[in-house]
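As structure tokens, the structure follows; a few thoughts come after it.
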Amino acid sequence: MSMKTNHQLPLPEVLKSQYPLSEEIKQIKADRDREIRDIFTGKSDKFVILVGPCSADNEDSVCEYVNRLKEVSDKVSDKLMIIPRVYTNKPRTTGDGYKGMLHQPDPDKAPDLLAGIIAIRKMHIRVMQETGLSSADEMLYPENRSYLDDVLSYEAVGARSVENQQHRLTASGMDIPVGMKNPTSGDLSVMLNSVTAAQHAHHFIYRGCDVETSGNPLAHTILRGGVNKYGQTIPNYHYEDLIRLSELYSKWNLENPAVIVDVNHSNSGKKYKEQIRIVSEVLHSRNYNPDLKKLVKGVMIESYLVEGRQDICPNHVYGQSITDPCLGWEDTERLIYEIAEKC
């Protein structure tokens, strides 16, 4: 046999009963969800900052990072809505390499998805308990989101998943904002098709059940740049790109037009320091054009305690990315205050 079963994973409701949310945490999430919804529906003009490590590889360092983020968030909460990136899945272009905490709760050990689903739920809960900030994650496996659907306030569908039918239909059943990234090709129509699908009602199979959804009016776009046939990166954060997306939104007749600009990945060519300059340009475009000020709801930044990246090794640097390179904390803190001044 080319496939064997390692574990029978617990049902989501079983795991939730073992690691439940307190009434206080439930209220924190409800309040955060309401505030975030108001931003994406245009009732609030706060600017969203989705910020955190490329992959959440260690519970202690992630929680230390988010605790620092909380202190900054409290100082800018009149202008900014900070949503920590606590990404527990890591998509891989070739399928090889570290796939995130869901797969490997300890990057130095073999994959263990049973331990992984427990570890990621506990970490997301700990983040809220310690900071009062509900977080974002990437929906890499649609069926796995059931283990976290009561703790997340934002989800993203990545560039490699955005054309997948199950991702689109699952997003249509969410009650929180879900961002659809443009695919690695940079094709905006693929991204908008995905938003369209997510905003409509559907009837499909989910976790072995016949389900119906009502559509998610908070589904929106994420610009992350693309790659051409020669492997060269093609940024799409410039003023002209944002205007083009605005024009497409007006033609597609979608609810709550919105975009988050991912300032790393193919927009920066993975030159992590470029994120600072790109954020500045996005804010300039937004402030120059009132239509873009309404459309561009926020930015996505990859950041951790220590800048750069490292390979997985016995003597790893605490709080430094083991996947894509990230901004360090000092640059991140300074950047957030600069964003608050310009918004």
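If you check LEU11, LEU50 for being surrounded by 12 or more Cβ atoms within 10 Å (Cβ to Cβ) and more than 23 Å from the chain's Cα centre (by Cα), only one passes: LEU11. Among the residues making up the stretch 92-112, those that are at negative phi and either surrounded by 24 or more Cβ atoms within 10 Å (Cβ to Cβ) or touching a Ser or Thr at 6+ places or on another chain (Cβ under 7 Å) (or both) are TYR98, MET101, LEU102, PRO105. The set of residues in the stretch 72-108 that are without any contact (Cβ under 8 Å) to a residue 40 or more places away in the chain, in contact with a helix residue (DSSP H, G or I) (Cβ under 9 Å, 6 or more places away or on another chain) and within 26 Å of LEU9 (Cα to Cα) comprises HIS103, GLN104, PRO105, ASP106. Within the set MET123, MET139, the sole residue that is over 27 Å from ILE234 (Cα atoms) and among the aliphatic types (A, V, I, L, M) turns out to be MET123. Cβ-Cβ distance below 6 Å, separation of 6 or more or different chains: which pairs start in the stretch 193-207 with a residue that is of a type in the set (A, V, I, L, M, F, W, C) and end on one that is in a helix (DSSP H, G or I)? Once the first residue is of a type in the set (A, V, I, L, M, F, W, C) and sits in the stretch 193-207, its partners that are in a helix (DSSP H, G or I) give ALA197/ARG168; ALA198/ARG168; ALA198/ALA171; PHE204/LEU169.
Among residues that are in a loop (DSSP other than H, G, I, E, B) and at pLDDT 95 or above, GLY42 is included. Those helices (runs of 4 or more DSSP H) of the stretch 233-321 in which 2 or more residues are of a type in the set (Ser, Thr, Tyr) and closer than 19 Å to SER55 by Cβ occupy 265-268. Of the residues making up the stretch 289-336, those that are in contact (Cβ under 8 Å) with a residue 40 or more places away in the chain and surrounded by fewer than 14 Cβ atoms within 10 Å (Cβ to Cβ) are ILE312, PRO314, TYR318.
When residues in the stretch 128-159 are screened for being more than 15 Å from the chain's Cα centre (by Cα), under 20 Å from MET180 (Cβ atoms) and of a type in the set (A, V, I, L, M), 0 of them pass. Mind checking whether some residue in the stretch 83-102 is over 17 Å from THR323 (Cα atoms) and modelled with pLDDT of 95 or more? Yes, that holds for at least one residue.
Among the residues making up the stretch 134-153, those that are over 18 Å from HIS103 (Cβ atoms) and surrounded by fewer than 20 Cβ atoms within 10 Å (Cβ to Cβ) are ASP149, ASP150.
If the condition is being modelled with pLDDT of 95 or more, of a type in the set (D, E, K, R), within 16 Å of GLY186 (Cα to Cα) and out of contact with any His (no Cβ under 8 Å at 6 or more places or on another chain), then the stretch 215-274 contributes GLU240, ASP241, ARG244, ASP262.
Screening GLU130 against (1) surrounded by fewer than 15 Cβ atoms within 10 Å (Cβ to Cβ); (2) free of Cβ contacts under 8 Å to residues at least 12 places away in the same chain leaves a single unmet condition, (2).
The values are calculated or read from the model by the stated rules, or taken from the named source; none is laboratory data. Keep in mind that this is a model prediction, so the values were computed, not measured. Using ideal geometry, Cβ is built from the backbone for each residue, glycine included, and neighbour counts are taken over all protein chains shown.
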